[in-house]
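Let me begin by presenting the structure, written as structure tokens, before commenting on it.
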Amino acid sequence: MHVLIVEDDRVIAENLYDFLEACGHRCDFAHSLAAADSLLTRDQFDALILDRSLPDGDGALLASRLRAAGNPLAILMLTARDTLDDKLAGFGAGADDYLAKPFALKEVGARLQALLRRAGGLAVAQRLVFGALSYDPTERAVTLAGRPLTLPPKALRLVEVLLRQPQHVFSRRELEMAIWGREQEASDNLRSVLHTVRRALTDAAPVRIVNVHGLGYKLVSR
């Protein structure tokens, strides 16, 4: 399941991200409505965990826009606004479920699974291909010229992010947010993941990750 977490409380967002990732889900994080809009236009998600009190507005506005556009994305509102009127407003905006803070992480996981079952299952994820490099999001499998590559979860996530926009230059921050859901205090964490992927690709591979000095990293084909 690909989940977008829209939450401005960093501790809550990190706890959700880590828990759902440990359950085998793929997560992205946005701290505002604007950041969520940007991610929703670039990627396909199965579910949205949505706070209401965000820095640039009420999360219910995002739910309303999605529903007005005919987007069937499963929406779980997760917010401190817990009065009956708040809940009715959330459902009226298009939420499929509403859970008040504080909450149990296991309950969040269970409610997301229930929403997806009611929606008829997960969206079909499209295989990503660039040159000889291929990633199957459903199987979470990477192949290079037809040969399977064995990669740990964070390295898989890096490959997926780069394959979604081949030859696009990703900044360190963009990659850290995509892999961990937050910026890292030290650059060594990202370097370690990059090293893992580069070692798997080998120097002779027809596809490689290159540094763009002062800007970031991109995927190129020889």
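What the table shows:
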item	result
Subset tally (residues that are assigned to a strand (DSSP E or B) and surrounded by fewer than 19 Cβ atoms within 10 Å (Cβ to Cβ)) for the stretch 1-25	1
Unmet criterion (only one of (1) touching a residue at least 12 places away in the same chain (Cβ under 8 Å); (2) over 16 Å from Pro153 (Cα atoms)) for Arg173	(1)
Enumeration of residues in the stretch 144-160 that are surrounded by 15 or more Cβ atoms within 10 Å (Cβ to Cβ) and either among the charged types (D, E, K, R) or assigned to a strand (DSSP E or B) (or both)	Leu144, Leu149, Lys154, Arg157, Glu160
Selected residue [crowded, with 16+ Cβ neighbours inside 10 Å and out of contact with any strand residue (DSSP E or B) (no Cβ under 6 Å at 6 or more places or on another chain)] from Leu54, Leu61, Leu76	Leu54
Failed item in (1) out of contact with any strand residue (DSSP E or B) (no Cβ under 8 Å at 6 or more places or on another chain); (2) in a loop (DSSP other than H, G, I, E, B); (3) farther than 19 Å from Asp18 by Cβ; (4) of a type outside the set (A, V, I, L, M, F, W, C), with Glu183 passing the rest	(3)
Subset tally (residues that are without any contact (Cβ under 8 Å) to a residue 24 or more places away in the chain and within 23 Å of the chain's Cα centre (by Cα)) for the stretch 81-98	3
Failed criterion for Leu163 (all others in (1) without any contact (Cβ under 8 Å) to a residue 40 or more places away in the chain; (2) surrounded by 15 or more Cβ atoms within 10 Å (Cβ to Cβ) hold)	(1)
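No lab work stands behind these numbers, since they all come straight from the coordinates. Computed from a predicted structure; not experimentally measured. In this analysis, Cβ positions are derived from the backbone assuming ideal geometry, glycine residues included, and neighbour counts consider all displayed protein chains.
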